[in-house]
Amino acid sequence: MYKKNNRPGSSDGFDPFFYRMLFWLSFTLGLSALISVPGLTKTERDLPKLTVEERQWLDDHQGRVKLTPAPDWEPMEFYDDRGRYSGFVSDYIRLIERKLDFKFHIFRTRTWTETLNMAREKEIDVISAAQPTPERKQFMIWSTPYFSINTTIIVQKTKRKNYRLDEMAGMTIGVPKDYAVGYFIRNRYPQLTLVDVLNSKDGLYKVSFGELDAMIMEVPAALYVIENEKITNLRLAGDTGFVLNMGVGVRNDWPILARVIEKTLSGISEREHQAIHSKWIRLETKRFYQSQSFWLITAGAFLVVFIVTGSVLVWNRTLKKRVIKQTESLRFNEMRLEALLQLNERTHDSIQEIIEFAFQQMIRLTKSRFGYLAFSDQDGIIYSVDSSSDQSIEKYITNEIAIGFSLETMGLWGEAVKQKKALISNNYQITNPSKKGLPPEYRKLTRYMNVPIFKGDKIVVVAGMGNKKTDYDLSDLRQLSLLAQGMWRRLQRKQVEQAILRNEKNLRDLVENSPNGITIIQHGRAVYRNSKQLELIGEIEPIERIGYGHIYSEDLEKATLFYESIIDGNPLIPELSFRFYSSLTQRTQKTMKWVTCLVTPIDYKDDKAFLITTIDRTRARKLEHLLTIQDKMASLGRVAAGIAHEVRNPLSGINIYLRTLEKSIDDPAREHKIKPAIEAIRSASGKMEAVIKRVVDFSKPIEPRMTLTDINIPVSEAVQLAATSLDKRGIVIKTDLDNTILPCYAEPNLIEVVILNLINNAVDALDKTQGDKKIRVTTKTAAEKIIILVEDNGKGVADDLDERIFEPFFTTKENSTGIGLSLCHRIVTDHNGTITVVTSELGGAGFVVKLPKERTTSKRNSIQSNTGNGP
């Protein structure tokens with residue numbers, strides 16, 4: 001089977017003798033090693049010595065053992081035009097059958113991956129020839145190898161050098177999917193980029209079209225595909241060093257069959273090996289009498305001797321016609337190759353233009369007068385030449401057809417889809433006598449061929465040509481297949497390119513219409529700004545040209561460090577807020593912008609860059625400023641109302657007692673009322689002074705004098721101070737102090753004030769409570785905090801007052817200044833802690849104070865130090 005005559009176009013840089021020599025050497029090395037093994041010198045009549053059990057097993061399974069050849073592995077094993085199992089391996093299987101008087105059930109699969117999956121699931125029983133790998137040994141028993149094959153590297157002829165696997169890093173290399181050579185390379189050379197291809201033919205075409213840099217496969221299969229498919233731009237470029245040692249695989253739950261196969265293989269004689277080898281693997285050398293030159297010379301001599309000069313002229317004319325025909329054939333092959341190259345280079349055409357060009361070339365290069373092209377996902381085309389009764393006039397008709405494969409045109413695609421392979425019918429009247437599935441206007445088909453194109457297991461394109469004046473041959477079918485496959489690959493690339501362009505446009509539109517300013521800095525300079533960024537910066541030039549003169553003075557230092565670290569390629573912080581002027585000449589509040597910048601490392605045009613997102617917070621900052629002023633004015637109003645309320649009552653008493661004094665001075669009979677009036681005035685004055693003192697104490701900043709303190713000590717002292725008065729009121733106070741708490745930094749006196757105020761607040765809440773009155777004080781630790789909890793069983797605090805109870809002068813009690821809880825809040829805040837109100841387990845209110853374990857700067861100092869440093 002692996003024998004070919006020279007064909008037009010095959011001599012273009014392609015030496016069949018050289019490739020046959022490589023083919024012969026690769027098999028000779030493997031077979032010679034096997035033949036030299038002792039015990040292989042039996043005569044071909046020797047049969048394996050089977051046990052009774054083994055013979056009975058074979059008889060019980062006669063014709064029921066599923067043997068699966070490797071698909072698409074010419075010339076090693078394949079199915080011929082009649083569907084018969086043939087090839088080098090096939091002859092070995094037939095020899096095994098004869099020696100065992102046993103018939104296998106040949107089971108056909110579509111792909112090698114399917115074969116392995118079915119073997120793994122025990123859906124097939126025997127694999128005819130494969131390389132044992134660790135993974136395959138898990139589900140199959142493998143015989144001793146009965147032949148070996150070298151693997152080779154295939155590249156385009158434009159690559160002149162020879163390659164080794166360790167020199168191919170960075171190249172895209174194809175290997176047949178799930179083949180052992182791929183397993184070997186991935187384990188031995190993990191740095192290589194491997195791409196699984198459907199089969200050997202698919203991979204070689206991809207190398208030919210430049211979709212892969214190289215293909216690695218077996219030498220015999222490579223030579224067979226290159227020669228049969230006329231792929232003239234490929235060459236063998238080196239040995240991989242990996243030899244496939246091929247054995248028979250038997251499912252691992254049938255060891256008895258594995259033993260029988262092993263005995264049979266070991267009984268194959270050297271003569272039988274040589275017979276199979278010489279049938280499939282041999283060099284063809286034409287004998288002298290088989291050459292064209294010999295017969296031309298002989299014919300010439302004969303004609304000179306026996307035929308007149310006129311016969312010589314006839315011979316010359318015949319020779320000239322042959323030369324012209326051969327030249328036309330060569331030229332036509334060149335046109336076919338040129339069409340494929342042109343199709344591959346049409347990178348700027350639209351999808352419709354690619355389809356129309358490919359379709360025109362299919363019709364032209366197959367010399368057809370009818371064409372059919374259908375797609376599973378878009379409209380197709382039908383082209384025909386309609387000859388009228390006047391043969392000198394021809395009408396060209398081109399119609400569009402709907403998406404998919406419609407029943408109306410089933411006669412044009414049905415058999416190709418059903419059989420899932422390319423077909424030729426040079427007598428369409430016999431193939432489809434009833435003309436089913438043919439539109440009326442296309443029923444004059446005489447000859448027809450069609451090719452299905454697959455995407456995985458799905459047919460996506462069917463291309464058909466018809467009504468050539470002469471019969472279609474395999475060359476026409478191959479050309480149609482190449483053009484259809486090339487068109488589909490070009491369409492797939494075009495669709496991917498269009499999707500990428502759409503995504504890029506959508507992304508650019510998003511960036512350009514972003515509400516935030518976006519800048520890309522690369523190699524120390526701004527390479528992109530969106531419209532919002534240009535709107536934000538106004539007349540300001542890029543920083544790398546004018547420096548930082550537009551930055552607000554208080555923010556200049558940190559903004560300079562921020563931008564210079566980005567320009568240097570090493571941002572110090574991911575985010576910064578600062579102020580700048582959008583005009584260098586008008587540095588006013590009107591031109592001042594408050595912004596927050598976020599920096600993110602990105603890849604931009606295949607190089608490192610930084611994306612700076614600028615968020616304009618100017619309006620938000622102004623609104624925050626207005627809200628702050630409003631809050632301060634509201635607080636000031638509440639403070640003023642509280643002070644007025646606290647001062648008004650004593651002041652009214654003073655006015656009343658002053659009038660009493662005035663009347664008592666004028667009336668000696670009332671002199672005894674003067675002293676009480678003066679005492680009352682002094683008392684009212686004292687109350688006013690106390691109110692003013694509390695206001696002053698609250699408003700005057702007091703920095704806590706932090707010392708290392710056992711927090712339980714000030715808490716215990718506060719409880720002891722309050723205990724006496726609580727007993728008189730019938731209130732029970734209990735403590736639950738954690739003695740394992742480590743000392744923390746705090747001012748004990750201020751902590752004592754906080755606890756006393758919280759206890760007094762609880763006492764006020766319990767005054768109107770009936771029954772048992774309880775207060776509980778607890779200390780504990782959680783995470784990095786020390787927690788003090790003061791709780792009671794009173795009525796608690798309404799949910800809507802949780803935040804307001806800490807405001808100055810806010811109170812819900814009579815005769816209260818409303819300063820106690822706000823003072824607690826300020827002291828706790830100065831300790832960098834928090835105070836909140838919760839519902840107590842006792843049923844009333846619980847005040848939770850959380851203080852940091854480690855020493856920290858007070859929040860007030862932190863706020864003061866950062867005033868004006870950011871929006």
What's the center-to-center distance, using Cα atoms, between the range 708-736 and the range 481-532 in Å? 72 Å
Roughly how many Å² of Val838 are accessible to a 1.4 Å probe, to the nearest 10? 70 Å²
Under the definition of Cα pairs under 8 Å and six or more residues apart, what whole-number percent is the relative contact order of the range 160-210? 39 percent
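Using a 1.4 Å probe over the heavy atoms of the protein chains, calculate the carbon and sulfur portion of the accessible area of the range 567-620 as a whole percent.
Details: 1730 of 3360 Å².
That fraction is 51 percent.
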Carbon and sulfur atoms account, in whole percent of the 1.4 Å probe accessible area of the range 154-272, for 46 percent
Accessible area of the range 721-850 divided out per residue, in Å², using a probe of 1.4 angstrom: 51 Å²
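Mind ranking 777-783, 176-182 by how tightly packed they are, going by the mean number of other C-beta atoms within 10 angstrom, highest first? Could you put the intermediate results ahead of the total?
On the way: 777-783: 14.7, 176-182: 21.3.
Ranked by mean Cβ neighbours within 10 Å, highest first: 176-182, 777-783.
Given a 1.4 Å probe, how much area per residue of the range 42-123 is accessible, in Å²?
Values: 4440 Å² over 82 residues.
About 54 Å² of surface per residue is accessible.
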Could you sort 605-613, 258-266 so that the peptide with the highest average Cβ count within 10 Å comes first and the rest follow in order? 258-266, 605-613
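Would you mind calculating the gained length between Arg271 and Asn749 on full extension (0.36 nm times residue separation, minus the Cα-Cα distance), in nm to one decimal?
Between Arg271 and Asn749, full extension yields 161.0 nm more.
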For Met410, solvent-accessible area (1.4 Å; no DNA, RNA or ligand), Å²: 90 Å²
Just to confirm a number: summing +1 for Lys and Arg and -1 for Asp and Glu over residues other than Thr151 whose beta-carbon lies under 11 angstrom from that of Thr151, what do you get? -2
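With a 1.4 Å probe and all protein chains left in place, how much accessible area per residue does the range 417-456 have, in Å²? Please report the intermediate quantities before stating the final value.
Working: 2410 Å² over 40 residues.
On a per-residue basis, 60 Å².
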Over all alpha-carbon pairs in the range 418-564, figure out the percentage whose distance exceeds 18 Å. 74 percent
Counting only C-alpha contacts under 8 Å and six or more residues apart, can you give the relative contact order of the range 85-223 as a whole percent? 25 percent
From largest accessible area down, sort Ser553, Ser577; use a 1.4 Å probe on the protein chains. Ser553, Ser577
Fraction of accessible area attributable to carbon and sulfur, the range 419-501 (%, probe 1.4 Å): 56 percent
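For a quick check of your reading of the filter: which chymotrypsin sites (Phe, Trp or Tyr not before Pro) in the range 50-115 sit in a DSSP loop and have no more than 16 other Cβ atoms within 10 Å?
Sites meeting the loop and neighbour criteria: Phe107.
Rank by packing, highest mean first: peptides 155-166, 357-368, with packing defined as the count of other Cβ atoms within 10 Å averaged across residues.
Working: 155-166: 14.2, 357-368: 19.9.
Per-residue mean Cβ counts within 10 Å order the peptides as 357-368, 155-166.
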Where does the range 116-204 land on Rg(C-alpha)/(2.2 N^0.38 Å)? 1.26
With every protein chain kept in place and a 1.4 Å probe, the residues Arg235, Arg322 fall, from largest accessible area down, as Arg322, Arg235
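On alpha carbon coordinates alone, what is the Rg over Rh value for the range 46-177, Rh being the Kirkwood radius? Provide the component values of the computation, followed by the final result.
On the way: Rg = 18.4 Å, Rh = 17.5 Å.
Rg divided by Rh gives 1.05.
Evaluate the relative contact order of the range 141-255 (contact order divided by residue number), counting alpha-carbon pairs under 8 angstrom at least 6 apart; express in whole percent. List each step's numbers first, then the result.
Details: 206 pairs, mean separation 55.8, N = 115.
Relative contact order comes out at 49 percent.
Greater than 25 Å separation of Cα atoms is the criterion. Which listed pairs, Lys161/Lys279; Lys558/Lys590; Lys177/Lys608; Lys177/Lys230, meet it?
Those over the limit are Lys161/Lys279; Lys177/Lys608.
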Just report the Cα centroid separation between the range 420-472 and the range 94-113, whole Å. 34 Å
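The values are calculated or read from the model by the stated rules, or taken from the named source; none is laboratory data. The structure presented is a predicted model; accordingly, all values stated were derived computationally and were not measured. With ideal geometry, Cβ positions are generated from the backbone for all residues, glycine too; neighbour counts draw on all protein chains shown. Each accessible area value is taken on the protein alone, full model and side chains, heavy atoms only, with ligands, DNA and RNA left out. Shrake-Rupley method; radii C 1.70, N 1.55, O 1.52, S 1.80 Å.
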